[in-house]
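The values are calculated or read from the model by the stated rules, or taken from the named source; none is laboratory data. Remember, predicted model here, so these are calculated numbers, not experimental data. Quick note on the areas: whole protein, heavy atoms, side chains included, nothing else; ligands and nucleic acids left out. Shrake-Rupley method; radii C 1.70, N 1.55, O 1.52, S 1.80 Å.
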Amino acid sequence: MSGDPTLERIASGNGLALCAAGSWTARFAPVLERLVTDAEKLGGSRPNIFIDVSQVSKLDTFGAWLIERLRRSLTQGGIEAQIAGLSANYSSLVDEVRRVKAQPVIEGRAVTISGMLEQVGRSVAGVGGTLVGLIDMLGAVLAAVGNVVIHPRGFRLTSTIHHLEQVCWRAVPIVVLITFLIGCIISQQGIFHFRKFGADIFVVDMLGVLVLREIGVLLVAIMVAGRSGSAYTAELGSMKMREEIDALRTMGFDPIEVLILPRMLALVLALPILAFLGAMAALYGGGLVAWLYGGVDPEAFLLRLRDAISIDHFIVGIIKAPVMAAVIGIVACVEGLAVQGSAESLGQHTTSSVVKGIFFVIVMDGVFAIFFAAIGM
């Protein structure tokens, strides 16, 4: 059929001359791949190598890349293969393809002690960079809060309410369900083991203190880090990829004040509410199992719970919630703004946001435990 691509060798003394003709487009990809692969085997130590493309009738990016690949394959010993007969219509396309650099071959390195120490050092430096980024974001958020206090009209109430609905209201069902099940499991396991000592009723003490001080807020914070923290990172990362954040700066808006402050405020308000609802659901689930499985009447459960806990236990849990929410929000926003222009980068930073968020939540819980133990709460 007329227009089919060809690549023929022509006489050229000691040199090598190839003549390309026909349509070098993606439509003839299988034929072109075979022609170029066969021609690459003709390389060797030759004084002159030419590729004549004057007879090429059509050329697209695919064909231009194959010609460039052939040229690179035939370039050996400092003698560069030349492309001749290129029309003005296709010269810019071939020049653009030629600018694409070949990926260097990465050779595997042997595992050595110095290499391992180098990786440790890089990891430590990465941790330091993460902490600097978190502190920088904290400072930017506090500066945005100060600006909003001075100029209240700049506060975006509608955006805050929207994010509060997403983070708090829509998360209530899953938070209540999971904390209810956790309360049931703690109660069942406590009764099962305390029964050996005839101390079934003490499961109420364990459940009340554990849920109000630790498990309730910690479990909710972990769920929020996985649900809302990842969503924040994905949203900001997508906006970064589409250059929407740069557009905001160009229009004179502060991205911290427009995008991050409403999300942070919504998270700080939502987590204490979710922690309270989760604690109530866990206590209800534990009381239900204690009644059905352990034979503890609801009245006895409530009386024992009232004697076992105090307002201090509730205050300890609620104080932790907004601090954990701020940590989750800062980590999520830092990771979102660090996304580069690829889907792979977005996925990596979203995963990193969840992992770092949960890690810092657990660290903060340990810090709070030491602090409250030191002041006697």
Problem set entry | Cα long-axis angle, helix 230-241 against the chain (0 to 90 degrees, to the nearest 10) | 30 degrees
Problem set entry | Rounded tilt (10° steps) of 157-167 against the dominant C-alpha axis of the chain | 80 degrees
Exercise. Percent relative contact order of the chain, based on C-alpha pairs within less than 8 angstrom and at least six residues apart?
Worked result: 17 percent
Exercise. How much of Met264 can a 1.4 Å solvent probe reach, expressed as accessible area in Å² and rounded to 10?
Worked result: 20 Å²
Exercise. What part of the accessible area of the chain, given as a whole %, is carbon or sulfur when the probe is 1.4 angstrom?
Worked result: 65 percent
Exercise. Taking only C-alpha pairs under 8 Å that are 6+ residues apart, what is the relative contact order of the stretch 284-377 in percent?
Worked result: 26 percent
Seminar exercise, completed: Taking every DSSP bridge whose two residues both lie in the chain, the antiparallel percent to the nearest 5 is 35 percent
Problem set entry | Tilt relative to the chain, helix 343-374 - C-alpha long axis, 0 to 90 degrees, to 10 | 30 degrees
For this session: Report, ordered by chain and residue number, the aspartates and glutamates lying within cross-link reach of Lys41, taken as a straight Cα distance under 19 Å and ignoring same-chain residues fewer than 8 apart.
Result: Glu8, Glu33, Asp52, Glu68, Glu80
Problem set entry | Per-bin percent of Cα-Cα distances, the stretch 6-99 [10 Å] | 17, 55, 26, 2
Exercise. When only C-alpha pairs under 8 Å and at least 6 residues apart count, what is the relative contact order of the stretch 170-225, in percent?
Worked result: 36 percent
Problem set entry | Among (1) 27, 26, 22; (2) 36, 23, 17; (3) 66, 26, 20, the entry derived from the coordinates for semi-axes √(5λ) of the Cα gyration tensor in Å | (3)
